[in-house]
Amino acid sequence: MPETTDIHPLRLLITGGAGFIGSAVIRHLINHTDCTVLNVDCLTYAGNPDNLRPVAASPRYHFARQDICDATGMTRLFSEFRPDSVLHLAAESHVDRSIDTPLEFIRTNVQGTANLLQCVLHYWHHLPENQRRLFRFQHISTDEVYGSLGPSGQFTEETPYAPRSPYSASKAASDHLVRAWASTYGLPVLVSNCSNNYGPYHFPEKLIPLMILNALEGKPLPVYGQGANIRDWLYVEDHARALWLINRRGIPGETYNIGGSSERTNLEIVQEICRILDELRPDTQGSYSRLIAFVPDRPGHDLRYAVDTRKIRRELGWRPEETLETGLRKTVAWYLDNDWWWRPLREKIYSGERLGTGETL
């Protein structure tokens, strides 16, 4: 049964909804709520309408190809769609690409967010009082804004910001802008910072899909340095559920950290992918682990991220449904069953070449 809201069926404007996390949020909303969704996406290389194929036929799903940096276009969409909430997921998100093309990240993540905030503020000011009171601007960010951890400890919502890559710096700037618009203008905002996501429909530049697809094609599995960098992994559908909970139950002005409580080294992740593939798609030449190749590390590679999720668990009752073991197995199986989705991307957009060396600057 669809989840109903405490007022009329909500109208949600979601930026970046053709991306990995945004599309998971939209699929969740269409399948499990009575919300109407407008997906606003300019369809850069990682924005893929096929990510929405399971829900595209729904009369509650709408799409607008629009750049969030275009104030005129965004103002028109607000006027026409009249959303009750905005979920802001549009962002350039790959650290390696940010090393090679940092100004693209500044444009989308900083300038785009500032432009969107101004459009939202104007729209919100002109809402009737009852709608203005219920409106939310929800900003989705990353744990990378907190910097790098040592061998112990976790990021909390009070951890000072210490971004170390152009990507994380641009997201930190966008977080600060959102909170500034809340403090200065009273805009009701919700902020969340998540750990590394993984799951179906993940663009193949990221670690997990890159390793799966390289392995299937018999290519080397490049592991940066010695593979000792540690990340906390969050299944994307668990993240989508958390974001909807925050939208409905979160307190404006608050920040919520979202993580999977699944810390692993990069090498452990690659080895586990190899083990799953050895079982589900055996290779006659032997274990896929033979393809693991250690390569020069990424510049400024953060050692460890780990997220303290006690606040969202305690206050909103959220917890991940997938363990890393169950989620990773589902993810590998999805890529094995859906080459219609990833094969055109590998052939036409990104075939697995090394990014983030800084040599293109």
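Throughout, read-outs are computed from the coordinates displayed, never taken from laboratory work. None of these values were measured; they are calculated from a predicted model. All Cβ positions, glycine included, derive from the backbone under ideal geometry; neighbour counts span all protein chains shown.
Please compute, over every Cα-Cα pair in the range 101-190, the percentage with a separation greater than 20 angstrom. Kindly include the intermediate steps, with their values, before the conclusion.
Details: 1720 of 4005 pairs.
Cα-Cα pairs of the range 101-190 separated by over 20 Å account for 43 percent.
Could you tell me what fraction of 2.2 N^0.38 Å the Cα radius of gyration of the range 311-354 comes to, as a two-decimal ratio? Don't skip to the answer; put the middle values down first.
Numbers: Rg = 16.4 Å, N = 44, 2.2 N^0.38 = 9.3 Å.
The range 311-354 yields a ratio of 1.77.
Hey, in the GNM for the chain with a 10 angstrom Cα cutoff, which one of 31, 338, 130 fluctuates hardest?
In the Gaussian network model the winner is 130.
Treating only the Cβ atoms of Lys and Arg (+1) and Asp and Glu (-1) as charged, compute the dipole magnitude of the chain about its Cα centre; round to the nearest 20 debye.
540
Can you tell me the FRET efficiency between residue 323 and residue 111 if r is taken as the Cβ-Cβ distance and R0 is 45 Å, rounded to the nearest 0.05? Could the numbers behind the result be given before it?
Numbers: r = 39 Å, r/R0 = 0.86.
Efficiency, from the Cβ-Cβ distance: 0.70.
Add +1 for every Lys or Arg and -1 for every Asp or Glu among the other residues with Cβ under 11 Å from the Cβ of residue 156, and state the total.
Residues near residue 156 contribute -2 overall.
Show me, for the range 292-306, the HN-Hα J-couplings you get by feeding each phi into the Karplus relation (A = 6.51, B = -1.76, C = 1.60, θ = phi - 60°), rounded to Hz, glycine and proline as x.
4, 9, 7, 10, x, 5, 5, x, x, 5, 5, 6, 8, 10, 8
With a ≥ b ≥ c taken as the square roots of the eigenvalues of the C-alpha gyration tensor of the range 255-334, please select rounded if a/c is under 1.5 and otherwise prolate if a/b is larger than b/c or oblate if it is not?
Numbers: a/c = 4.28, a/b = 1.57, b/c = 2.73.
Oblate.
Could you tell me the largest-minus-smallest coordinate of the C-alpha atoms of the range 123-167 on each of the three principal axes, in descending order and whole angstroms?
50, 23, 13
Would you order 219, 171 from fewest to most other beta-carbon atoms within 10 Å of each residue's own beta-carbon?
Lowest to highest Cβ neighbour count: 219, 171.
Over 11 Å apart: what share of the alpha carbon pairs of the range 281-327 falls there, rounded to a whole percent?
Values: 881 of 1081 pairs.
Tail of P(r) above 11 Å: 81 percent of Cα pairs.
Amide H of residue 292: which non-local residues (sequence gap of 5 or more, or other chain) have their own amide H closer than 5 Å, using H built in the peptide plane?
Correct list: 221.
Can you list the lysines whose alpha carbon sits under 29 Å from that of residue 311, skipping same-chain ones fewer than 8 residues off?
Within the straight-line cut-off, residue 311 pairs with 171, 206, 330.
Could you work out the local net charge near residue 36, counting Lys and Arg as +1, Asp and Glu as -1, over the other residues with Cβ closer than 12 Å to its Cβ? Please report the intermediate quantities before stating the final value.
Details: positive: 11, 60, 82; negative: 34, 84.
Counting the neighbours of residue 36, the net charge comes to +1.
So for 14, 269, fewest C-beta neighbours within 10 Å to most, what's the order?
Details: 14 28, 269 23.
Final ranking by Cβ density, sparse to dense: 269, 14.
Decide, for the range 10-121, between rounded, prolate and oblate: order the square roots of the alpha carbon gyration tensor eigenvalues as a ≥ b ≥ c, take rounded if a/c falls under 1.5, and otherwise choose prolate if a/b is larger than b/c, else oblate.
Details: a/c = 2.23, a/b = 1.31, b/c = 1.71.
Note, shape of the range 10-121 comes out oblate.
Measuring from the lowest to the highest alpha carbon on each principal axis, how far does the range 17-71 reach, largest first, in angstroms?
The Cα atoms of the range 17-71 stretch 30, 21, 17 Å along their principal axes.
Taking neighbour counts of Cβ atoms within 10 Å as a proxy for exposure, in what order, fewest first, do 170, 261, 195 appear?
Values: 170 28, 261 18, 195 24.
Fewest-to-most ranking of 170, 261, 195: 261, 195, 170.
Hey, what angle do you get for helix 207-216 against the long axis of the chain, alpha-carbon based, 0 to 90 degrees rounded to 10?
Between helix and principal axis, roughly 40 degrees.
Apply the Karplus curve 6.51 cos²θ - 1.76 cosθ + 1.60, θ = phi - 60°, to the phi angles in the range 132-144 and return the couplings in whole Hz, x for Gly and Pro.
5, 5, 8, 5, 9, 10, 10, 10, 9, 10, 10, 6, 5
Show me, bin by bin at 10 Å from 0, the whole-percent P(r) of the range 57-144 based on Cα pairs.
15, 43, 30, 11, 1
As I understand it, the value is the acute angle between the Cα axis of helix 236-249 and the longest principal axis of the Cα atoms of the chain; what does it come to in degrees, rounded to 10?
Between the helix axis and the principal axis of the chain, the angle is about 20 degrees.
At q = 0.17, 0.19, 0.20, 0.28 Å⁻¹, what is the log10 ratio I(q)/I(0) for the range 230-298, with the Debye formula run over Cα points and no solvent?
Log10 of I(q)/I(0), two decimals: -0.79, -0.87, -0.90, -1.18.
What would the Debye equation give as log₁₀ I(q)/I(0) for the range 192-331 at q = 0.10, 0.19 Å⁻¹, counting only Cα atoms as equal point scatterers?
Log10 I(q)/I(0), no solvent term: -0.38, -1.09.
Rounded to two decimals, what is Rg over Rh for the chain when you use alpha-carbon atoms and the Kirkwood radius?
Working: Rg = 19.9 Å, Rh = 20.9 Å.
Reported Rg/Rh, Kirkwood definition of Rh: 0.95.
Given R₀ = 51 Å, FRET efficiency for residue 130-residue 103 by Cβ-Cβ distance, to 0.05? Kindly include the intermediate steps, with their values, before the conclusion.
Working: r = 42 Å, r/R0 = 0.82.
For R0 = 51 Å, the calculated efficiency reads 0.75.
Measure nothing fancy, just the Cα-based angle from helix 324-337's long axis to the longest principal axis of the chain, in degrees from 0 to 90, nearest 10.
Roughly 80 degrees, rounded to the nearest 10.
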